[in-house]
Every structure is written in C-alpha cells, then in structure tokens.
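Trainee: Below is a structure I'd like to ask you about.
The values are calculated or read from the model by the stated rules, or taken from the named source; none is laboratory data. Computed from a predicted model, the values in this text were never measured in an experiment. Note that each Cβ is placed from the backbone with ideal geometry, even for glycine, and that neighbours are counted across all protein chains shown. Side chains included, ligands, DNA and RNA excluded: accessible areas come from the protein's heavy atoms. Shrake-Rupley method; radii C 1.70, N 1.55, O 1.52, S 1.80 Å.
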Amino acid sequence: MRTRFTEEFGVRHPIVQGGMMWVGRAELAAAVSNAGALGIITGLTQPTPEDLVREIARCREMTDQPFGVNLTILPAITPPPYAEYRQAIVESGVKIVETAGSNPKDHLPVFHEAGIKVIHKCTSVRHAVKAEQLGVDAVSIDGFECAGHPGEDDVPGLVLIPAAAAKLTIPILASGGIADARGMVAALALGADGANMGTRFMCTAESPVDEAVKAQIVANTELDTKLIFRTLGNTARVAANAISAEVVAKEAGGAEFSDIQHLVAGARGRKVFEEGDLDAGIWTAGQCQGLIDDIPTAAELVDRMMSEAEEIITSRLAGMVEATEAAR
C-alpha cells in the first residue's frame, strides 16, 4: 500500500508505533520496523542522552529498517537537557523524529540540517497548520479518543482528521482510536496518509510492559479510561483504576495539582509497566482498548492489519460500489 507517508518516509506500510513513555524501547521499535511499519524509541524514557545513544545502537543491532525517535517537549520546573537529547539523535544517525508537546521550532533547524524528517504530533487543526508553517515534514493528528493528552477541544478523529486534511498539504498520520485495519482504512478514507498507534502496540508480545498490563488492556472495554487533569486545563486520558478514580474525585472536590501530585508521579506509572501492579499509579491507555482482544507479535499485528485492509478496500468497499453500479 503506497501513500504519501510511505513514499516520503521510506516505510513499507502506512503504520507508525508512536512514542510512549516507558514503553518505546528498542525491542518494540525494532520489531515494528522489522514488520515493515515505523517503530519509534521514546527519547526521554532513557535517563540521559548517553543512554539514548546506547538505546539507538541497541535498536540498530536488531533491525536494518527505518526507525525513529520521539522527543516530547513539555514545560517543567527542571526541564530535561533537550539540546543534548537532540544532539544524541543527530549524532546517532537517526533520520526520523517524532516531536510532541510544545512548539518544536527551536529543534527543527538542527534536525533538518542533519537530513532528519520531523513528524509533529498535534491535537487540533490550528496547531497542525502552525506546525506545517514552521516546516515539519508531517503531522500526527490526535483525536479525543487517544491515550495521553488529547488537548482541550474534545474533537474526535472522525471530525478532526478530515478537518486537518482540508487545511494541510503535508502527510497526515491519524492517531487515537485506531487498533485494527478498520480504523486504518477509515483514517485513509478521511484523508490521512497513515495510522499512528500507541495502545495497540503496547499490547504486543515485544512490548516491554508487564504481562499483567497487556492482559488488562485485553480485558478492558472502551469505557475503561478516565480523563484526569480536566479541571487543570491539561487533560490526560489514562486507564481506569483506583488511582485515576481517586484523582478524578479529588479534582471534582476542587483539588489543586499539589493535592494530587503524589498520586500522578511518573515513577508510580513506571512501576505499573515494569512490575504489573495495576493500581500503583496512573498509566495511559486509549479508548481503542475496547477493540483489542489479543497479544500478537508486532509482525502478526502489522501483517494482519495490512491483509485485512486490502480485503476491506478491494472486496467489501469495492463490492458496495459494484452493487450500486449493477442496480442502475
């Protein structure tokens, strides 16, 4: 299947494994890339830029296919050394970067000078348009269904994707709510050039999270997420558990961030993924978990999506057109 994304980024299939904190490690990224999609290492999962250099090298030992690195830029009291992480990416010879969070303008000149293509993750059309004006090479547009931060506009993908496609000229990846071929084909029909999946790839054999997390994703429905930080203007979609329920309840009671900070600490979420204690902290999951009912290898997932997408396009949808023509 050829799209603008596959042709411009040199990837065989129009599927991307988006960056995920504590999840986007070398073994998952390599498995996805070996399957013909685009695997992505999450840069800030690595504690130092030197660790990121080693993780990139480790990924390169496991695949000779293209893979990328995510660099999420967020305001912080003590921000990470972004320039050093950026330099680690450049010096490691990575050719695709996924940026997310704040405006990537300070990073684009360095990346482009090194011949790196940049995909910027956005949650609104206005931000996507701004990113294109800044010179990013593609955007990943996150609908309200997504895990993590969906923005504050609450626009689902069915509306957001075609709205973005109407305004942009660069390739678009649809993100949020996609877990199978049906979602990918729908995204392509809406104007996207590929699909970006997080939760679905988190629930694969090569994903480095504890098996209890994967089993919970399979057991969960589309109703088993919570929106936290709504009252703080920084909405995040996370899995429903005792901690996220407590955070929502405290927010409803007028809590400030300082009142819930101990509950949402990143170290607690990391414990969920690494130890399988599902109530140790908050952990991200999208509504698409209601569409996930197995834990395949990355190759099995990608192969299945591509074969089913072909069947949907060439048989089911084409059959509808043929039936209409025959009825005339």
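Trainee: Could you tell me which residue of the range 18-57 is least open to solvent (accessible area, probe 1.4 Å), considering only residues that are assigned to a loop (DSSP other than H, G, I, E, B) and over 29 Å from Glu7 (Cβ atoms)?
Mentor: Gln46
Trainee: How many of the residues in the range 260-281 are more than 22 Å from Glu211 (Cβ to Cβ) and part of a loop (DSSP other than H, G, I, E, B)?
Mentor: So the count comes out to 5.
Trainee: Moving on to the next point. Could you go through the range 278-294 and let me know if any residue there is in contact (Cβ under 8 Å) with a residue 60 or more places away in the chain and open to solvent by 70 Å² or more (accessible area, probe 1.4 Å).
Mentor: The answer is yes, given that some residue of the range 278-294 is in contact (Cβ under 8 Å) with a residue 60 or more places away in the chain and open to solvent by 70 Å² or more (accessible area, probe 1.4 Å).
Trainee: Exactly one condition in (1) touching a residue at least 40 places away in the same chain (Cβ under 8 Å); (2) surrounded by fewer than 17 Cβ atoms within 10 Å (Cβ to Cβ) is not met by Gly319; state its number.
Mentor: So Gly319 meets the others, but not (1).
Trainee: For Glu274, indicate whether it is over 30 Å from Met1 (Cα atoms) and either open to solvent by 70 Å² or more (accessible area, probe 1.4 Å) or modelled with pLDDT of 95 or more (or both).
Mentor: yes
Trainee: Let me ask another. Do we find that Ala164 is of a type in the set (A, V, I, L, M, F, W, C), over 16 Å from the mean Cα position of the chain (by Cα) and over 21 Å from Gln287 (Cβ atoms) in this structure?
Mentor: no
Trainee: Can you find, within the range 66-91, the residue that is surrounded by the fewest Cβ atoms within 10 Å (Cβ to Cβ) among those that are out of contact with any strand residue (DSSP E or B) (no Cβ under 8 Å at 6 or more places or on another chain) and not aliphatic (A, V, I, L, M)?
Mentor: Selected residue: Thr78.
Trainee: Any idea how many residues of the range 189-231 are of a type outside the set (S, T, N, Q), closer than 24 Å to Gly10 by Cβ, out of contact with any strand residue (DSSP E or B) (no Cβ under 8 Å at 6 or more places or on another chain) and open to solvent by less than 40 Å² (accessible area, probe 1.4 Å)?
Mentor: Here the count works out to 1.
Trainee: How about the range 95-152: which strands (runs of 3 or more DSSP E) wholly inside it have at least 2 residues that are within 25 Å of Val238 (Cα to Cα) and small (Gly, Ala, Ser)?
Mentor: Ranges flagged: 96-101.
Trainee: Checking Val159 against (1) within 22 Å of Gly43 (Cβ to Cβ); (2) free of Cβ contacts under 8 Å to residues at least 24 places away in the same chain: exactly one of these is not met. Which one?
Mentor: (1)
Trainee: Name the residue, out of Ala327, Ala267, that is over 20 Å from Trp22 (Cα atoms), at pLDDT below 95, open to solvent by 70 Å² or more (accessible area, probe 1.4 Å) and more than 19 Å from the chain's Cα centre (by Cα).
Mentor: Within the list Ala327, Ala267, the selection yields Ala327.
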